[in-house]
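Have a look at the structure below before the remarks.
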Amino acid sequence: MSQSTVPRSPKREGGGGPESPPPKHRKTGAPGAGGPRRDGPARARGGTEAWQHRLRRDYPLILMTLPVIGLLVVFAYIPIVGNVIAFQFFSPYAGDGFFQSLANSAWVGFEHFQTMVNDRYFWGAVENTVVFSMLQLLFYFPVPIALALLINSILHNKVRAWAQAVLYLPHFFSWVLVITVFQQIFGGAGLIAQVMRDNGWSDGFDLMTDPGFFKWLITFQVIWKDAGWGIIVFLAALSMVNQELYESAAVDGANRWRRIWHITLPALRPVIALLLVLQVGNMLTVGMEQFLIQRTAVGVGASEVLDTYVWDRGIANHQFSYAAAVGIVKGIFSLALVLAANRVAHAMGEQGVYKKQ
């Protein structure tokens with residue numbers, strides 16, 4: 001057998017392998033290791049380049065958002081400055097223009113707030129507002145969830161689309177039309193009263209003018225008008241549920257109710273918590289047009305809420321400063337309700353309106 005003609009490398013004395021160059025040390029960025037260091041200007045330059053990249057990437061969305069931000073600033077944040085009239089005896093005739101009238105109006109401190117605390121009509125409006133809000137929270141809030149579950153269980157796409165269209169439609173009706181529909185059903189000359197008179201059962205049936213029934217009437221009107229619109233968010237949340245979970249649960253023997261309880265409702269839980277916090281924070285705002293239209297039929301005592309109280313004092317009676325003071329108190333308590341409800345959501349393990357740090 002012949003030997004190989006490839007020359008071998010000379011061996012080092014006492015060594016067993018070929019001689020190789022010493023390994024090169026890899027440079028690291030650690031201080032004192034001889035590696036490169038990112039100084040302040042380089043880091044700032046990298047941050048600027050990243051910001052410019054995000055700006056080039058997202059500028060269409062930013063341009064789409066600018067009109068909304070402009071409307072929010074003009075119609076929401078700038079009018080906040082006008083709340084200063086709550087501490088004045090403001091008169092729009094004290095000067096030429098709002099700002100000159102503001103400068104010429106006399107300062108009265110917390111006088112309007114003291115008047116508000118001593119006004120029994122104010123506390124009556126607060127009581128009615130809380131009662132209407134609690135009824136809507138108990139009876140209106142669960143209805144969109146139930147309707148979303150019902151529509152989500154419909155397998156036929158055309159039937160589902162038809163059901164959604166029928167439920168959405170009342171949301172686009174004005175309150176004048178909604179109250180007219182209820183008047184034609186529950187009023188003294190409505191359908192129910194006419195049937196009862198024709199059969200000799202009763203005379204004088206009219207739920208639209210019954211002060212004791214008014215709180216239930218308001219709740220039914222809100223449910224009929226807005227429950228269909230409220231299911232949009234819940235249907236969007238249900239569309240994100242993995243359908244394989246339902247299939248696995250069905251294979252394991254879970255019936256329809258157990259699949260709803262263990263899969264559907266946990267998927268809706270974050271959305272329910274978020275909307276519940278917003279609903280609680282909006283408790284002192286139950287609407288004005290709905291009550292203002294019907295206050296003549298049932299009386300001020302049964303229909304007066306904070307929104308109509310502010311309208312009556314501020315617009316009808318020209319007590320602008322007093323109405324502004326009521327609005328400030330309402331805003332402070334609404335903020336407190338949002339923060340309290342959000343803390344409850346955090347205690348239940350949900351994010352709520354903002355994420356807990």
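The values are calculated or read from the model by the stated rules, or taken from the named source; none is laboratory data. From a predicted model like this one, the values you see are computed outputs, not experimental measurements. Counting neighbours? That spans all protein chains shown, and the Cβs are built from the backbone with ideal geometry, glycine included. Protein only, heavy atoms only, side chains kept; ligands, DNA and RNA dropped before computing areas. Shrake-Rupley method; radii C 1.70, N 1.55, O 1.52, S 1.80 Å.
Scanning region 88-108 turns up no residue that is closer than 14 Å to I328 by Cβ, among the hydroxyl-bearing types (S, T, Y) and out of contact with any Pro (no Cβ under 9 Å at 6 or more places or on another chain). Those residues that are within 15 Å of D307 (Cα to Cα) and aromatic (F, W, Y), I need them from region 322-357; list them, please. Across region 322-357, the qualifying residues are Y322, F333.
Considering only residues in region 292-301 that are among the aliphatic types (A, V, I, L, M) and surrounded by fewer than 20 Cβ atoms within 10 Å (Cβ to Cβ), the one that is nearest to the chain's Cα centre (by Cα) turns out to be L292.
In this structure, V233 does not satisfy being touching a Gly at 6+ places or on another chain (Cβ under 6 Å), in a helix (DSSP H, G or I) and among the β-branched types (V, I, T). From V131, V74, V143, grab the single residue that is surrounded by 12 or more Cβ atoms within 10 Å (Cβ to Cβ), assigned to a helix (DSSP H, G or I), over 20 Å from the mean Cα position of the chain (by Cα) and not polar (S, T, N, Q). On inspection, the qualifying residue turns out to be V131.
Rundown of residues vs (1) assigned to a helix (DSSP H, G or I); (2) open to solvent by 10 Å² or more (accessible area, probe 1.4 Å); (3) farther than 28 Å from L276 by Cα; (4) free of Cβ contacts under 8 Å to residues at least 12 places away in the same chain, yes/no style:
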position	(1), (2), (3), (4)
Q290	yes, no, no, no
R313	yes, yes, yes, no
S321	yes, no, yes, no
V326	yes, no, no, no
V329	yes, yes, no, no
S334	yes, yes, no, no
L337	yes, yes, no, no
R343	yes, yes, no, yes
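Find all pairs meeting these conditions: Cβ atoms under 8 angstrom apart; at least six residues apart or on different chains; first residue within region 146-157 and in contact (Cβ under 8 Å) with a residue 24 or more places away in the chain; second residue open to solvent by 50 Å² or more (accessible area, probe 1.4 Å) and basic (K, R). Pairs that qualify, where the first residue is in contact (Cβ under 8 Å) with a residue 24 or more places away in the chain and the partner is open to solvent by 50 Å² or more (accessible area, probe 1.4 Å) and basic (K, R), are I151/R160; S153/R256. For region 292-307, the criterion of being farther than 30 Å from Q243 by Cβ, modelled with pLDDT under 85 and charged (D, E, K, R) is met by none of the residues.
Residues that are buried (at least 16 other Cβ atoms within 10 Å of the Cβ) and β-branched (V, I, T) were ranked within region 234-265; the one that is farthest from L138 (Cα to Cα) is I263.
Just to be sure, is F122 touching a Phe, Trp or Tyr at 6+ places or on another chain (Cβ under 9 Å), surrounded by 16 or more Cβ atoms within 10 Å (Cβ to Cβ) and of a type in the set (F, W, Y)? It is true that F122 is touching a Phe, Trp or Tyr at 6+ places or on another chain (Cβ under 9 Å), surrounded by 16 or more Cβ atoms within 10 Å (Cβ to Cβ) and of a type in the set (F, W, Y).
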